[in-house]
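K.L.:
Pasting in a structure now, in structure tokens, and then I'll have a few things to ask.
FYI, it's all coordinate maths here, none of it is from the lab. The structure displayed is predicted, hence computed values, not measured ones. Backbone-built Cβ (ideal geometry, glycine too); neighbour counts: all protein chains shown.
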Amino acid sequence: MNRLITYFENPILRHILFWLAVYVYFVLSVNDTSTFAGYGHILEFYGLIVLAQIITAYTCIYVLIPKFLNRKKTGLFIFWMFFLLFTIYTFYQVLRVYYFDVEYYSFYNEAQRNLAMVSFWDRLTYFSVFLSKCILYLTPTALLLMAQFYKNQQKFSKLNEQKKIAELTALKNQLNPHFLFNTLNNLYALAVDKSDKTPEVIERLSDILDYILYRCKENYVSIQKEIGLIENYLSLEKIRYGNRVEVNFTYPVGAEVKIAPLLLLTFVENAFKHGVSQELKKAEIKISLIINNTDILFSIYNSKPSSTYGNNLKKEDPLGLKNVKQQLELLYPNKHEVIIRNERDCYEVKLRLQQE
């Protein structure tokens, strides 16, 4: 079966089958055989039509379109297309006058005999006949171009999907080590102090690693899983900073919706890195996650030392924030909004995502 499918994927064979189908269609669609001398006449006549269509199609697709239309030489394309059609029409009339009208004249009815008496040069000036023949010649060309366009669109979509997957993989590979580096530093600090909280940290870290390594391979995951990830991360950071930080995380989430994994965690990491680690007094972080009928609304606020205000304004977005913005462009194109407020004493991010 697979060999048969591969065989029919051969482009030459597909083209042969296409033209054979066109030819058979013409032959079988003849309703009044009395206008022909016999089946030999029918086969020859429509063989001529299909030959004209083949010449038109491949000259147009493989010569005129690449050489002129694709290079935006529209005027030259129209000129040479007209020249091609008129040349083929002339070739058709030559065979009609000097072969068909001679070979099958005795079988013609009165209307066909009257037409056969018209001179070759007069036939070339019949614009209505020329126009109808042009439409006939170009019909298979249009079908082949539509098939080619569909195939190219499929190929383009497949390449875009592959590119999207590769970019997302690269972004996640940048994000995960960044997160793990921060978390392992937390664990190291507790281990050095021989803290009783070390086992809890290891358990939380184990849950986080399990999620990152095995449970967020898809482009979209349950938002409940992301909430669990953030809760684990917050627990680790609370153990590390103790009374130096006050965290308030509210998430009145009832509906089961999907979200891209690790997006929200990046903003949480950023809040601790720039709002808590450098704060000598007590820092504050407020996180809110709300689901309505159409959107996922996430906001995070963190206080920060006023001494860092000028420096933070001049700096570019941290690596994690850059990555999450790229992921948003890939996974939520034209379906997201990020608002960042950078004040002297606080930093706030508001994120709106359209539900998938």
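K.L.:
Of the candidates G242, G275, G75, which one comes out as most mobile in a Gaussian network treatment of the chain with C-alpha springs shorter than 10 Å?
P.N.:
Maximum fluctuation in the GNM of the chain, among the listed residues, is at G75.
K.L.:
May I pose another question? Treat every Asp and Glu Cβ in the chain as -1 and every Lys and Arg Cβ as +1, leave all other atoms uncharged, and give the resulting dipole magnitude about the Cα centre to the nearest 20 debye.
P.N.:
900 debye
K.L.:
Taking the Cβ-Cβ separation of F83 and N334 as r and a Förster radius of 41 Å, what is the calculated FRET efficiency to the nearest 0.05?
P.N.:
With R0 = 41 Å, the Cβ-Cβ based efficiency is 0.35.
K.L.:
Given a Förster radius of 22 Å and the C-beta distance between L145 and V30 as r, what FRET efficiency does 1/(1 + (r/R0)^6) yield to the nearest 0.05? Working shown, then result.
P.N.:
On the way: r = 27 Å, r/R0 = 1.24.
Between L145 and V30 the formula returns 0.20.
K.L.:
Enter the angle in degrees (range 0 to 90, nearest 10) between the Cα long axis of helix 11-28 and the first principal axis of the Cα atoms of the chain, meaning the one along which they spread out most.
P.N.:
50 degrees
K.L.:
Now, a different point. Compute the semi-axes of the equivalent ellipsoid of the chain, taking the square root of 5 times each eigenvalue of the Cα gyration tensor, and list them largest first in whole Å.
P.N.:
For the chain, the ellipsoid semi-axes come out as 76, 22, 16 Å.
K.L.:
Relative to the longest principal axis of the chain, what angle (0 to 90°, nearest 10) does the C-alpha long axis of helix 319-331 take?
P.N.:
Helix 319-331 sits at roughly 30 degrees to that axis.
K.L.:
Take L13, L321 and order them by how many other Cβ atoms sit within 10 Å, fewest up front.
P.N.:
L13, L321
K.L.:
What does the helix-only formula give at 222 nm for the chain: each DSSP H stretch with n ≥ 4 adding -39500 (n - 2.57), the total divided by the residues, and the result rounded to the nearest 500 deg cm²/dmol?
P.N.:
-20000 deg cm²/dmol
K.L.:
Which of F249, F127, F156 ends up with the largest GNM mean-square fluctuation for the chain, with Cα atoms connected below 10 Å?
P.N.:
Residue with maximal mean-square fluctuation among F249, F127, F156: F127.
K.L.:
Which listed residue (V276, N334, Y301) has the Cα farthest towards the positive end of the charge dipole for the chain, taking +1 on Lys and Arg C-beta and -1 on Asp and Glu C-beta about the Cα centre?
P.N.:
Positive-most Cα among the choices belongs to V276.
K.L.:
If you take every DSSP beta bridge whose two residues both sit in the chain, what share of them, in percent to the nearest 5, is antiparallel?
P.N.:
80 percent
K.L.:
To continue, here is another question. As an exercise, identify the trypsin sites (Lys or Arg not before Pro) in the range 12-81 lying in DSSP coil whose Cβ has no more than 10 other Cβ atoms within 10 Å.
P.N.:
K72
K.L.:
Against the longest alpha carbon principal axis of the chain, how many degrees, from 0 to 90 and to the nearest 10, is the axis of helix 223-241 turned?
P.N.:
30 degrees
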